[in-house]
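Asks: One structure, pasted below without further comment.
The values are calculated or read from the model by the stated rules, or taken from the named source; none is laboratory data. Being a predicted model, the structure only gives us computed values, none of them experimental. Cβ coordinates were reconstructed from backbone atoms using ideal geometry, including for glycine residues, and neighbour counts include every protein chain displayed. Only protein heavy atoms, including side chains, enter the accessible area calculation; ligands, DNA and RNA are left aside. Shrake-Rupley method; radii C 1.70, N 1.55, O 1.52, S 1.80 Å.
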Amino acid sequence: MQKGNIGVTTENIFPVIKKFLYSDHEIFLREMVSNAVDATQKLKTLQQQGEFKGELGDLTVRVSVDAEKGTITISDRGIGMTAEEIDKYINQIAFSGVTDFLEKYKDSANAIIGHFGLGFYSSFMVSKKVEIVTKSYRDGAQAVRWTCDGSPAYEIDDAEREDRGSDIILYIDDDCKEFLEKGRIEQLLNKYCKFLAVPVAFGKKQEWSSEEKKMVDTAEDNIINNVEPLWTKQPSTLKDEDYLSFYRTLYPMSDEPLFWIHLNVDYPFNLTGILYFPRVKNAIELQKNKIQLYCNQVFVTDQVEGIVPEFLTLLHGVIDSPDIPLNVSRSYLQSDREVKKISTYITKKVSDRLKALFNEDRKQYEEKWDSLKLFINYGILTEEGFYDRAKDFALLKDTEGKYFTFDEYKTLIEASQKDKDDQLVYLYTTDKEEQYSYIKAAQDKGYSVLLLDGQLDVPTLQTLEQKFEKSRFVRVDGDTIDRLIQKADAPESTLADDERDNLSAVFTSQMPKTEKTEYMVQVSALGEDQAPVVITQNEWMRRMKEMSRYQQGMNFYGQMPDAFNLVLNSDHRLVKEVLSGVNNELTADLQPIESELKGLNARLAALNQQTEGKKPEEVTQEQKDDKEATQKAIDEQKSKKQQLLSDYASKSDLVHQLIDLALLQNGLLKGEALDRFLKRSIDMIK
């Protein structure tokens, strides 16, 4: 019997492993089964090279649980080990000082295991004792047993084993009894070992016994993995149904994907995989981390940021690359050159596939566009340079359901939708029903309106405005149509300044007082055939608020109130009727106030002229008091005027009806206000 201490430079390796690998302790099973598969694959290689002359026979790796004994056993028929090889590969650990270890690798169990070659020692995360019974494939080899109880001390002794290969027996610790449950082990095998290249058996397949009225074991092994997953095969040998069937294996509850891309490259790096474009019905279904990363068919992670470009993390599928080691970590991904090459390759491959689909069958591509555009818009927003690829296959859809490339749509609107400053104006709507009247007004002018109702459509506009020359996007309800695409200087209103002020004050006084909503009233000459009152919203501010929902650092805009403009059409007969009512009923009361205001404003102007250019200390107290008293008198007269106009407006059904019609058109009239509008409408019909 041989006894000794494991070759480490610190005595407390096992408490360190136990403590700092604990959060990821389930990966011990991945490491154990992967080692067994590696040993089996090595034997295959030796046979191919003629160094092993025997029969391979059954190479299945077997995992078994004995709850009574408290053990998990992983068995293989691979190359096995001699006593000398155990001493070399198990007893010697290239291990740095514990301080450096904790500092550098405290956040990543995967990094610890991969960096220090501790794959086997991850077994001590869950075990109080580990035993290896192994026999080398070499002729005349003696089977040996290695035992360690979680301290640096170990024992090696001769053992009895008829066949080559290894049994790793884990005596599960009291605080890890969950791993003695069959369901837990089956879950982990499905997660980490589902596509290993050697069959992995866990128990026997079961079938229903009518005699025993329960599921019973059969003689057939329960193989948990597919040793030849689809991504390892040549695309030319596969049919559409093969890809769809594999997708259903990966995501049993999902709808069929839009299409897929088979990655298969061996230079300048090794990469295989299949990426699927899922159908996205709504924002709730938008999920990242649906791509599984493998290393030689061993599951590594589903956190693939850094390997896959940000916008493609929305895809589903698998990527397998031996160039990405099992100890993958975020810092590794961010710094590794090979990983960056892989990311660039995937972007190019996806772009080429999309372009080919568009060129080969545009009609079918258009049918898929509403789901595809989310990925493409996300790419334009997040991936530098992706716009230059996407501009050839990105589409715009109008309210009639017709699709256009960027160049096609520019050609369509170039003649009619340029404003007086030679800017090309792209009109769009986010909701055909809610903004119907605005769309109709634009179409009556012969303009085209785009439908941008996708989750990332509006945030993408800023990028498009930067890429398109002398162009801007405006929502069709952002202003009156003649001001959205202003062909000439706006017509002058025939109203006097005081009439415009009075109209504005009348309507301002009756606007609803709603939390986080502000209304500004404007008076404009829009033409007799245009609506009497229109509500518009500033394009830039609304866009910033919408983008704040998706973009970090823009919360400031999200907290700002919604700002609307109520535009009064001074050319419309109903607005003229309101003004006429004000003039008829209030002229007698307003005239003395206007006269007083005129005198007070003149006095204030004179006082300001007297003190103009003087330093504060040069202005006398008498002058200060005079200015203050004059300003106070002005404010009082304005308040009296405002009160007169407000009192008149509060009794005017026409004012309320015009305001409510504009609010209703924009979905802003609700609850009690809507009920009052309906009752008033009935009364006005009578």
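Asks: Which residues, taken from the stretch 395-417, are open to solvent by 80 Å² or more (accessible area, probe 1.4 Å), aliphatic (A, V, I, L, M) and part of a helix (DSSP H, G or I)?
Replies: 412
Asks: Out of the residues in the stretch 210-230 meeting the condition of being out of contact with any strand residue (DSSP E or B) (no Cβ under 9 Å at 6 or more places or on another chain) and over 30 Å from residue 293 (Cα atoms), tell me which one is modelled with the lowest pLDDT.
Replies: Checked the stretch 210-230; the qualifying residue modelled with the lowest pLDDT is 212.
Asks: Which residue out of 227, 216 is over 24 Å from residue 30 (Cα atoms) and not aromatic (Phe, Trp, Tyr)?
Replies: 216
Asks: Just to be sure, is residue 218 part of a strand (DSSP E or B), open to solvent by less than 60 Å² (accessible area, probe 1.4 Å), polar (S, T, N, Q) and closer than 24 Å to residue 349 by Cα?
Replies: No.
Asks: Could you tell me which of the residues 641, 651 is open to solvent by less than 70 Å² (accessible area, probe 1.4 Å) and charged (D, E, K, R)?
Replies: None of the other options fit; the residue is 641.
Asks: Just a yes or no: is a residue in the stretch 599-612 at pLDDT below 90 and either under 58 Å from the mean Cα position of the chain (by Cα) or of a type in the set (D, E, K, R) (or both)?
Replies: Checking the stretch 599-612: at least one residue is at pLDDT below 90 and either under 58 Å from the mean Cα position of the chain (by Cα) or of a type in the set (D, E, K, R) (or both).
Asks: Let me ask something else about it. Would you say residue 316 is closer than 30 Å to residue 364 by Cα, modelled with pLDDT of 70 or more and in contact with a Lys or Arg (Cβ under 6 Å, 6 or more places away or on another chain)?
Replies: For residue 316, the condition - closer than 30 Å to residue 364 by Cα, modelled with pLDDT of 70 or more and in contact with a Lys or Arg (Cβ under 6 Å, 6 or more places away or on another chain) - is met.
Asks: Assess whether residue 252 counts as being assigned to a loop (DSSP other than H, G, I, E, B) and either among the β-branched types (Val, Ile, Thr) or open to solvent by less than 20 Å² (accessible area, probe 1.4 Å) (or both).
Replies: Here the answer is no, as residue 252 does not meet what is asked.
Asks: While we're here: Working only within the stretch 224-242, note down all residues that are in contact with a helix residue (DSSP H, G or I) (Cβ under 7 Å, 6 or more places away or on another chain) and in a helix (DSSP H, G or I).
Replies: Within the stretch 224-242, 230, 242 meet the criteria.
Asks: Restricting attention to the stretch 352-389, and to residues there that are surrounded by fewer than 20 Cβ atoms within 10 Å (Cβ to Cβ) and polar (S, T, N, Q), which single residue is farthest from the chain's Cα centre (by Cα)?
Replies: Top of the filtered list is 359.
Asks: Still on this structure, please answer the following. Of all residues being hydrophobic (A, V, I, L, M, F, W, C) and either part of a strand (DSSP E or B) or under 24 Å from the mean Cα position of the chain (by Cα) (or both) in the stretch 425-457, which is farthest from residue 531 (Cα to Cα)? Just the residue, please.
Replies: 456
Asks: Given (1) of a type outside the set (Phe, Trp, Tyr); (2) in contact with a Lys or Arg (Cβ under 7 Å, 6 or more places away or on another chain); (3) closer than 30 Å to residue 649 by Cβ, identify the lone condition not met by residue 487.
Replies: Every condition holds for residue 487 apart from (3).
Asks: Now, a different point. Run residue 233 past the list (1) open to solvent by 30 Å² or more (accessible area, probe 1.4 Å); (2) farther than 27 Å from residue 293 by Cα and report the number of the one that doesn't hold.
Replies: Failed condition: (2).
Asks: While we're looking at this one, here's another question. Can you tell me which condition residue 337 does not meet? The list is (1) in contact with a Phe, Trp or Tyr (Cβ under 9 Å, 6 or more places away or on another chain); (2) over 22 Å from residue 119 (Cβ atoms); (3) at pLDDT below 85, and all the others hold.
Replies: (1)
Asks: Condition first: in a strand (DSSP E or B) and open to solvent by less than 40 Å² (accessible area, probe 1.4 Å). Now tell me which residues in the stretch 61-87 satisfy that.
Replies: The answer is 61, 63, 71, 72, 73, 74, 75, 76.
Asks: Still on this structure, I have one more. Against the conditions (1) farther than 20 Å from residue 375 by Cα; (2) surrounded by 14 or more Cβ atoms within 10 Å (Cβ to Cβ); (3) among the small types (Gly, Ala, Ser), where does residue 446 fall short? Just the number, please.
Replies: Only one criterion is unmet by residue 446, namely (2).
Asks: Suppose the filter is in a loop (DSSP other than H, G, I, E, B) and at positive phi; does residue 422 pass it?
Replies: When the stated conditions are applied, residue 422 passes them.
Asks: Can residue 279 be described as open to solvent by 30 Å² or more (accessible area, probe 1.4 Å), modelled with pLDDT of 65 or more and closer than 30 Å to residue 253 by Cα?
Replies: yes
Asks: Of (1) open to solvent by 10 Å² or more (accessible area, probe 1.4 Å); (2) in a helix (DSSP H, G or I), residue 392 satisfies all except one. Which?
Replies: It is condition (2) that residue 392 fails.
Asks: Within the stretch 461-510, count every residue that is within 23 Å of residue 439 (Cα to Cα) and not in a loop (DSSP other than H, G, I, E, B).
Replies: Number satisfying all stated conditions: 13.
Asks: Is there a residue in the stretch 478-485 that is at pLDDT 90 or above, surrounded by fewer than 16 Cβ atoms within 10 Å (Cβ to Cβ) and under 38 Å from the mean Cα position of the chain (by Cα)?
Replies: No, the stretch 478-485 contains no residue that is at pLDDT 90 or above, surrounded by fewer than 16 Cβ atoms within 10 Å (Cβ to Cβ) and under 38 Å from the mean Cα position of the chain (by Cα).
Asks: Sticking with this structure for a sec: Can you report the number of residues in the stretch 125-180 which are open to solvent by 10 Å² or more (accessible area, probe 1.4 Å), assigned to a loop (DSSP other than H, G, I, E, B) and either in contact with a Gly (Cβ under 7 Å, 6 or more places away or on another chain) or touching a residue at least 60 places away in the same chain (Cβ under 8 Å) (or both)?
Replies: Here the count works out to 8.
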